[in-house]
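Some notes on the structure that comes next.
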Amino acid sequence: MLRFIHCADIHLGSKMEAKLPEQKVEERRREIRMTFNKMIDYAKANGVRAILLSGDVFDSDRPLRRDKLFFYEAVKGNPDMDFIYLRGNHDSKESYTEEGLLNLKTFSSEWSSYSYGDVDITGLELSEENELSLYSTLNLDSDKLNIVMLHGTVSEYTGRGMINVRELKNRNIDYLALGHYHSFRKEAIDMRGMYAYSGCLEGRGFDETGEKGFVLLEIDEENKKIKDTFVPFACRTVRELCVDISDCEGSYSAYKKICDSYEWSTGDLLRVILSGEITFDSDGLSSEIEELLSDKCYFASVKDKTHRRISLADHENDTTLRGEFVRSILLANGYTDEEKQQMITYGLRVLDGREAEL
C-alpha cells in the first residue's frame with residue numbers, strides 16, 4: 001500500500017509564543033526539531049513514500065543556519081523518501097538553499113505535479129499574481145487519485161492568502177493537503193474529495209492548544225480511495241483551563257481548586273484563566289499560583305480575570321480619588337452590576353500602579 005504523510009507548520013526556529021523562560025525556549029526549539037526527526041523515523045518504519053510539507057517548515061523568511069542545516073541534512077539523510085515542500089507565508093523567500101537533492105520536490109507560482117503510480121501530487125505557492133487565476137488553471141486527471149497541496153486560509157472569498165473551496169469543487173480533487181491553520185481540521189469539498197489542515201507538529205503558544213501531529217494517508221489504488229488518519233505526535237500538549245474561584249477564600253484555596261479541576265501531566269504547558277467574584281485582594285495572585293503549580297507541569301501561566309465585590313457603602317465617606325472613582329462607577333447608568341464590578345477592579349489596579357490586563 002502506498003503511504004504519504006501530510007504535515008505543515010513545523011516552524012523551525014520559532015520564537016515561541018508562550019513567553020517561556022529562555023532556557024525553556026531553547027528546549028522547546030530542540031523539541032520541535034526532535035519531533036520532526038521522530039516523524040521521519042515513523043515514516044521509515046511505516047513504509048511512507050513521501051512527506052508532504054504544506055508550508056512554513058521554517059518560522060522565518062530568512063531561517064537561521066542551524067535550522068536550515070538540520071532540515072536539509074534530514075532530507076539528504078533519507079534518500080529513499082521524498083520530501084515534497086510547498087513554501088508558506090513564513091518561509092516564502094530564502095528557505096530553498098540546496099540544489100540537486102533528488103528527493104526534495106518543490107513548487108512555484110504555477111501548478112506542477114509529481115506522480116507516484118496512480119497518484120498525482122499537485123501544488124502551487126500562492127502569490128498576488130495567481131490569487132485569481134489559480135482556480136481556472138488547475139487541471140487534474142479524473143482517472144488519477146489527486147492530492148493537491150496549498151498553504152492559506154479557507155474562505156468564502158478569493159484573495160491574497162485565501163483559498164476559496166467553492167472554486168475547487170468538481171475539479172477531481174481527492175484530498176487537499178493544507179497548511180496555515182495550526183489545528184487538525186477536515187471537511188468535504190464535494191462528493192469526491194475533502195480538504196484537511198494537518199495542524200502544527202508542536203504547540204508553541206497558548207493559542208495552539210490541544211493535540212498536535214500529522215495526517216497519515218494510505219492509498220488504496222485498486223479501489224481509488226484515500227484513507228486519512230490523524231496521528232497525535234507532539235512531545236508536549238498546550239492546554240487551557242478556566243476556573244471560577246468565587247467560592248475560594250484566598251490564594252491557597254484557589255490553588256487547591258485548580259489542582260482538583262485538572263488531570264495533571266508533567267509534560268503539559270498550561271494556561272489557567274481565573275474568573276469569578278472574589279472577597280479577597282488578588283494582588284499577586286497570578287504569580288503566587290504560578291509558583292505553586294511550577295512542579296506539577298512543564299510550564300504554567302495564570303491569568304487573573306476575577307473581580308472583587310465592592311459596595312457603595314464601603315466607599316460612601318471615602319474622599320480620596322479611589323472613593324470618587326468607585327462612587328462614579330457604581331452610580332453610573334447603562335452598565336450591569338457585573339460590568340461595574342469589572343471596571344472598578346481594573347480601575348483600582350491602575351490607580352495602585354499595578355498591571356490591569358483586560
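The values are calculated or read from the model by the stated rules, or taken from the named source; none is laboratory data. Treat the numbers as computed from the prediction; the structure is a model and nothing was measured. No Cβ is skipped: glycine too gets one built from the backbone with ideal geometry, and neighbour counts run over all protein chains shown. All accessible areas refer to the heavy atoms of the entire protein, side chains included, with ligands and DNA or RNA removed. Shrake-Rupley method; radii C 1.70, N 1.55, O 1.52, S 1.80 Å.
Below, the figures for the structure above:
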| read-out | value |
| --- | --- |
| Amide H contacts of L124 (H built 1.01 Å from N, under 5 Å, at least 5 apart or other chain) | M149 |
| Among (i) 36, 22, 19; (ii) 49, 23, 18; (iii) 30, 26, 19, the entry that matches semi-axes √(5λ) of the Cα gyration tensor in Å as calculated here | (ii) |
| Estimated [θ] at 222 nm from DSSP helical runs (n ≥ 4, -39500 (n - 2.57)) normalised by residues in the chain, nearest 500 | -7000 deg cm²/dmol |
| Nearest-ten-degree value, helix 321-330 long axis tilted from longest Cα axis of the chain | 70 |
| Rounded, prolate or oblate (a/c below 1.5 giving rounded, otherwise prolate when a/b exceeds b/c) for segment 149-301 by Cα gyration tensor | prolate |
| Charge-dipole axis of the chain as Lys and Arg at +1 and Asp and Glu at -1 on Cβ define it, positive-most pick from W111, A234, N164 | W111 |
| Derived scalar couplings ³J(HN,Hα) [segment 80-89; Karplus, 6.51 cos²θ - 1.76 cosθ + 1.60; whole Hz; x for Gly, Pro] | 7, 10, 8, 10, 9, 10, 10, 5, x, 6 |
| 11 Å beta-carbon shell around N170, net charge (K/R +1, D/E -1) | +2 |
| Apportionment of accessible area to carbon and sulfur, the chain, percent (1.4 Å) | 45 |
| Rounded accessible area of D281 (nearest 10 Å², 1.4 Å probe) | 90 |
| Which listed pairs, of K44/K76; K44/K224; K105/K224, have C-alpha distances above 20 Å, in listed order | K44/K224; K105/K224 |
| Cα-based helix-to-principal-axis angle, 22-45 vs the chain, degrees rounded to 10 | 30 |
| Neighbour-limited loop hits for trypsin sites (Lys or Arg not before Pro), segment 71-172 (at most 16 other Cβ within 10 Å; DSSP other than H, G, I, E, B) | K93, R160, K169 |
| Residues N223 and K169, FRET efficiency given R0 of 22 Å [Cβ-Cβ distance, rounded to 0.05] | 0.45 |
| Flagged links, alpha-carbon separation over 24 Å, of K186/K257; K15/K303; K38/K212 | K186/K257 |
| Computed magnitude of the charge dipole of segment 1-139 (debye, nearest 20; Cβ of K, R +1, Cβ of D, E -1) | 680 |
| Solvent-accessible ranking of D80, D190, D56, largest area first, probe 1.4 Å | D80, D190, D56 |
| Local electrostatic count at D207 - Lys and Arg +1, Asp and Glu -1, tallied over other residues with Cβ under 10 Å | -1 |
| Nearest 10 degrees, 0 to 90: helix 251-260 Cα axis against the chain principal axis | 40 |
| For L176, residues with placed amide H under 5 Å, excluding near neighbours | V148, M194, Y195, A196 |
| Sequence-distant residues sharing a close amide H with Y298 (under 5 Å, placed H) | G267, D268 |
| Solvent-accessible area per residue for the chain (1.4 angstrom probe, square angstrom) | 49 |
| Note, ³J(HN,Hα) from phi for segment 60-75, Karplus 6.51, -1.76, 1.60, rounded to Hz, x at Gly and Pro | 9, 4, 10, x, 5, 4, 4, 6, 5, 4, 4, 5, 6, 5, 5, 5 |
